[in-house]
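The values are calculated or read from the model by the stated rules, or taken from the named source; none is laboratory data. Since this is a predicted model, take the numbers as computed values, not measurements. Please note: Cβ atoms are built from the backbone with ideal geometry, for glycine as well, and neighbour counts cover all protein chains shown.
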Amino acid sequence: MELLKRAKQLYDVNQILELEHAIEFASTAHADQKRDSGEPYINHPIFVANKLILWGMDIDSVIAGVLHDIVEDTTVSLSTIESLFGGDVAFIVDGVTKVSKASADMENLTNYLPQTKDNLSKLLIAVGQDIRVLIIKLADRLHNLSTLKYKSPEKQQKIARESLEVFGPMADRLGMGRVRLQIEELAFSYLDPVEFKRLKNLVAKRLGKNSRQLQEVHQEVEKTLKEYGIKAEIDSRIKSIYSLYLKLQKYNNNIDDIHDLMALRIIVDRKEDCYLILGILHSLYQPIMISRIKDYISTPKPNGYQSLHTTVITHNKQIVEFQIRTFEMHEFAERGLAASFHYNEQKRTKDYKSGRPSSTLPNNMQWITQLQEVVTKLKNGEEISRDQLQIDLFGNRIFVHSPKGDIYNLPEGALPLDFAYLVHSDIGKHAYSFQVNGKIHPFDKPLQNGDIVEVITRKLSLPKSDWKNLITTTHARNKLRTQLGHLGLMNVIDTSKMIREKTVRNIKRIKIRPRRKK
């Protein structure tokens with residue numbers, strides 16, 4: 001089996017034996033089941049597991065991928081999975097089952113309805129407890145999209161729309177660029193097949209005209225880099241159909257204004273070489289404009305993506321975009337968070353019964369840690385607003401830096417107090433003023449991506465009731481509420497609010513009668 005051949009390159013003998021056991025167990029459990037295509041059902045979990053191996057996931061994820069549909073689609077219980085394959089695998093399988101049930105009825109997020117809250121809540125809980133659940137679900141979704149032609153037109157539309165609006169953005173948030181593109185392409189081809197086919201033909205014509213000229217540029221750059229003694233790999237990338245579709249909306253559907261339809265990607269060993277190559281390209285060709293030079297290495301995108309981008313005019317007047325990155329950056333750009341699990345020998349020791357995650361996430365994934373707070377609220381039956389659900393999971397993010405260089409991830413529109421409370425609750429509590437990029441910064445002015453933020457604290461400075469209007473994140477709001485409660489200010493706020501509301505009600509009851517004429 002191809003899956004086992006591939007697995008033997010990553011995992012030890014005992015892990016391979018455990019995987020073989022899982023495949024045999026799943027094959028028996030799904031023995032009498034068929035997919036809509038007529039093929040044996042076991043082909044689906046095998047595909048999922050294969051993807052997880054290609055993404056370099058840990059062995060527990062791969063085994064959970066093999067078993068991910070068993071609890072939902074067979075009579076096998078979760079306790080049986082736990083007894084045979086351990087608590088960690090069972091925990092992941094349980095999470096995937098919850099996501100599947102949630103996504104089965106999930107509505108379009110732009111048409112959010114009250115009845116979708118429970119489903120979205122289950123999704124949040126599953127993701128918050130172990131991010132590997134979501135990575136497995138993305139592999140599951142990819143295979144379902146690839147076999148969508150066997151579904152009814154209604155189901156095709158529903159699954160494609162959900163994939164484009166929920167799972168595509170999730171893949172992007174996890175930095176899994178290639179997966180996002182695959183999901184978008186497949187989903188868009190079903191949502192708007194006429195436009196998809198038109199753009200695909202349009203791209204094919206453009207590539208036919210430009211590919212020879214691009215090859216000449218490729219060879220010229222390769223030769224120049226060798227002369228400088230720089231070892232690099234150069235390949236080309238073609239803009240995806242869905243990305244082109246979105247970009248054309250901004251340019252009145254004029255493809256002549258799209259300059260990154262094709263791009264050359266240069267991959268090197270060292271970060272220093274990225275900047276050196278940028279200088280070489282600008283000495284070789286004319287940069288089209290300064291605004292098109294993007295340094296995502298020093299200031300990564302919110303999903304962790306790092307690369308240098310520049311657009312130049314070549315000697316034959318061709319406009320070409322270059323992307324320059326290291327092999328490590330390229331690995332993350334392709335596989336995102338999944339790359340963090342590659343070669344990870346450290347066993348995740350999660351207490352399955354308590355549901356406490358122990359996976360360590362990189363700095364740019366701090367939003368997942370913050371998601372735990374929403375998860376806790378949901379599990380405790382507390383109310384979560386629509387805005388909180390969308391900000392914590394789907395909102396745009398920014399990176400800001402501390403003066404020491406630590407990176408913090410916040411939602412777009414976050415204010416200085418949001419940053420202070422993210423650093424530490426005591427920093428937020430004693431915040432007196434802020435300096436951003438070396439200048440005094442007001443409490444009510446949003447932070448920007450790449451800002452260096454310094455919190456000026458004073459021991460005598462304490463939270464104020466009006467701070468509730470100077471924060472945007474759930475994390476900061478909860479911390480502030482607790483601190484105001486300890487200071488006895490929450491009761492004052494609640495009481496004054498109650499008095500105001502009662503006064504308004506009384507005023508509404510009073511009927512204003514016209515004055516009698518004497």
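Of 62, 13, all but one fail to be of a type in the set (Val, Ile, Thr) and surrounded by 23 or more Cβ atoms within 10 Å (Cβ to Cβ); the exception is 62. Just one residue in the set 233, 227, 272 is more than 25 Å from residue 336 (Cα to Cα) and acidic (Asp, Glu); that residue is 227.
Selection of segment 284-295 for residues being surrounded by fewer than 18 Cβ atoms within 10 Å (Cβ to Cβ), assigned to a loop (DSSP other than H, G, I, E, B) and in contact with a strand residue (DSSP E or B) (Cβ under 7 Å, 6 or more places away or on another chain) yields 288, 293.
So for segment 209-221 (the condition being under 30 Å from the mean Cα position of the chain (by Cα) and either of a type outside the set (S, T, N, Q) or surrounded by 11 or more Cβ atoms within 10 Å (Cβ to Cβ) (or both)), does at least one residue qualify?
Taking every residue of segment 209-221 in turn, none turns out to be under 30 Å from the mean Cα position of the chain (by Cα) and either of a type outside the set (S, T, N, Q) or surrounded by 11 or more Cβ atoms within 10 Å (Cβ to Cβ) (or both).
Looking at the structure I just gave you, is residue 275 in a helix (DSSP H, G or I) and under 31 Å from the mean Cα position of the chain (by Cα)? Yes.
The numbered conditions (1) without any contact (Cβ under 8 Å) to a residue 60 or more places away in the chain; (2) within 28 Å of the chain's Cα centre (by Cα) are all true for residue 80 except (2). As a summary of the residue check, residue 179 satisfies the conditions (1) within 25 Å of residue 263 (Cβ to Cβ); (2) buried (at least 20 other Cβ atoms within 10 Å of the Cβ); (3) more than 13 Å from the chain's Cα centre (by Cα); (4) at pLDDT below 95 except for the one numbered (3).
Can residue 154 be described as closer than 21 Å to residue 258 by Cα and modelled with pLDDT of 90 or more?
Taking the combined requirement at face value, the residue does not satisfy it.
One residue stands out among those in segment 28-68 that are among the hydroxyl-bearing types (Ser, Thr, Tyr) and under 17 Å from residue 141 (Cβ atoms): the one that is nearest to the chain's Cα centre (by Cα), which is 61.
For residue 328, the test of being more than 21 Å from residue 449 (Cβ to Cβ), surrounded by fewer than 16 Cβ atoms within 10 Å (Cβ to Cβ), modelled with pLDDT of 65 or more and outside the structural domain of residue 89 (by TED's automatic domain parsing) is passed. For segment 145-156, name all the residues that are closer than 20 Å to residue 179 by Cα and without any contact (Cβ under 8 Å) to a residue 40 or more places away in the chain. 149, 156, listed by residue number. The residues of segment 127-179 that are charged (D, E, K, R) and under 26 Å from residue 91 (Cβ atoms), listed by number, are 130, 132, 137, 140, 141, 162, 172, 173. Considering the conditions (1) over 21 Å from the mean Cα position of the chain (by Cα); (2) crowded, with 21+ Cβ neighbours inside 10 Å; (3) modelled with pLDDT under 90, residue 319 is excluded by exactly one of them, (2). Apart from one condition, residue 164 fits all of (1) more than 24 Å from residue 131 (Cβ to Cβ); (2) in a helix (DSSP H, G or I); the exception is (1).
Here the helices (runs of 4 or more DSSP H) wholly within segment 1-83 that include at least 3 residues being farther than 12 Å from residue 93 by Cα and acidic (Asp, Glu) are 13-29.
For every residue, the table says whether it meets (1) under 19 Å from residue 224 (Cβ atoms); (2) part of a loop (DSSP other than H, G, I, E, B).
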{"residue": "282", "(1), (2)": "yes, no"}
{"residue": "299", "(1), (2)": "no, yes"}
{"residue": "302", "(1), (2)": "no, yes"}
{"residue": "305", "(1), (2)": "no, yes"}
{"residue": "312", "(1), (2)": "yes, no"}
{"residue": "315", "(1), (2)": "yes, yes"}
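One residue stands out among those in segment 464-514 that are among the aliphatic types (A, V, I, L, M) and farther than 28 Å from residue 427 by Cβ: the one that is modelled with the lowest pLDDT, which is 512.
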